[in-house]
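Novice: Sharing a structure here in structure tokens format.
The values are calculated or read from the model by the stated rules, or taken from the named source; none is laboratory data. These numbers were taken from a predicted model, which means no experiment stands behind them. Cβ placement follows ideal geometry from the backbone for every residue including glycine, while neighbour counts extend to all protein chains displayed.
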Amino acid sequence: MERLDKRLAATGRWSRTEAKALIRGGRVTVDGTVCRAPEEKVPESAPVAVDGVPIPGAGPVYLMLNKPAGVVSSTDDPREATVLSLLPEEYRRRGLFPAGRLDKDAEGLLLLTDDGPLAHRLLSPRYHVDKVYYVEVDGALDDADAAALAEGLVLGDGTACLPARLEVLEGGRSAHITLQEGKYHQVKRMLASRGKPVVYLKRIAFGPLILDPELPKGGWRALNLPEIEALFRH
């Protein structure tokens, strides 16, 4: 637990006096609720925001990003814009990294955190964490494709894929696909092996997290406490 005014001052953006004025002015929320008491003690994991903009806390950081196409899921790249470039400087200094990757041209849900143990558990196939994607393909998906993915594909280079779930949507040119692993370009390679190359790819869920429909492309927000707790329970 930490005093709210101290939490704000620790970011280096405000003095303790300025932090107290912000809080008393009703501009600070804790887990979405306005708090007007500078001396209020809040959990390290509680999301705190000033004027609706989340601030980093003393504990681990958990951010949901709606990744746009054209940026890479990396912490540093000398040639490409990275997902960290979409965040304010105070978050870029925290050592955040993406829990898993999305292709450069893919969009959708990406979890950014500095909690290495949790990221490892979420990404390990033995923990059976679902990753759900919306895909559009050149061609028409059918029940035979769904059956092939459910059995577990072996790609042309010998890569063995765990069984995956394919839910074909109306018209057959789009689907939801659920994986519990994240091999290199896996969704694209699996569907290309079926003669249905992917033309659009968006991750819409990661474990218990669902992509916030209010987040624009390139937008981000701190996870709320129920979302963080759901990750740990999962």
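Novice: Of the residues 110, 86, 96, 122, which is aliphatic (A, V, I, L, M), touching a Phe, Trp or Tyr at 6+ places or on another chain (Cβ under 7 Å) and crowded, with 19+ Cβ neighbours inside 10 Å? Can you show your working first?
Specialist: On the way: 110 fails: touching a Phe, Trp or Tyr at 6+ places or on another chain (Cβ under 7 Å); 96 fails: touching a Phe, Trp or Tyr at 6+ places or on another chain (Cβ under 7 Å); 122 fails: touching a Phe, Trp or Tyr at 6+ places or on another chain (Cβ under 7 Å).
Just a single option satisfies the conditions, and that option is 86.
Novice: Consider residue 207 carefully, then state whether it is in contact with a helix residue (DSSP H, G or I) (Cβ under 7 Å, 6 or more places away or on another chain) and either without any contact (Cβ under 8 Å) to a residue 12 or more places away in the chain or surrounded by fewer than 17 Cβ atoms within 10 Å (Cβ to Cβ) (or both).
Specialist: no
Novice: Ok, one more. Kindly establish whether residue 143 is surrounded by 14 or more Cβ atoms within 10 Å (Cβ to Cβ) and not assigned by TED's automatic domain parsing to the domain that holds residue 10. Working first, answer last.
Specialist: On the way: surrounded by 14 or more Cβ atoms within 10 Å (Cβ to Cβ): no; not assigned by TED's automatic domain parsing to the domain that holds residue 10: yes.
No, not satisfied.
Novice: Give the residue that is modelled with the highest pLDDT, with candidates limited to residues of the range 125-138 that are part of a helix (DSSP H, G or I) and surrounded by 12 or more Cβ atoms within 10 Å (Cβ to Cβ). Walk me through how you get there before you give the answer.
Specialist: Going through the range 125-138, the residues part of a helix (DSSP H, G or I) turn out to be 125-127.
Among the residues that remain, those that are also surrounded by 12 or more Cβ atoms within 10 Å (Cβ to Cβ) are: 125, 127.
Values: 125: 77, 127: 84.
The extreme case among them is 127.
Novice: Scanning the range 169-180 for residues that are within 14 Å of residue 190 (Cβ to Cβ) and in contact with an Asp or Glu (Cβ under 7 Å, 6 or more places away or on another chain), which turns out surrounded by the most Cβ atoms within 10 Å (Cβ to Cβ)? Working first, answer last.
Specialist: First, pick out the residues of the range 169-180 that are within 14 Å of residue 190 (Cβ to Cβ): 175-180.
Applying the additional criterion that residues be in contact with an Asp or Glu (Cβ under 7 Å, 6 or more places away or on another chain) yields 175-176, 178, 180.
Working: 175: 22, 176: 15, 178: 15, 180: 16.
Ranking the qualifying residues of the range 169-180, first place goes to 175.
Novice: Just a yes or no: is a residue in the range 196-217 touching a Pro at 6+ places or on another chain (Cβ under 7 Å) and more than 30 Å from residue 85 (Cβ to Cβ)? Steps first, please.
Specialist: Taking the range 196-217 first, the residues touching a Pro at 6+ places or on another chain (Cβ under 7 Å) are 217.
Narrowing the set further to residues that are more than 30 Å from residue 85 (Cβ to Cβ) leaves none.
So far as the range 196-217 goes, no, none of its residues is touching a Pro at 6+ places or on another chain (Cβ under 7 Å) and more than 30 Å from residue 85 (Cβ to Cβ).
Novice: Also, quick follow-up: Of all residues being surrounded by 14 or more Cβ atoms within 10 Å (Cβ to Cβ) and assigned to a loop (DSSP other than H, G, I, E, B) in the range 24-36, which is modelled with the lowest pLDDT? Just the residue, please.
Specialist: Looking at the filtered set, the residue picked out is 31.
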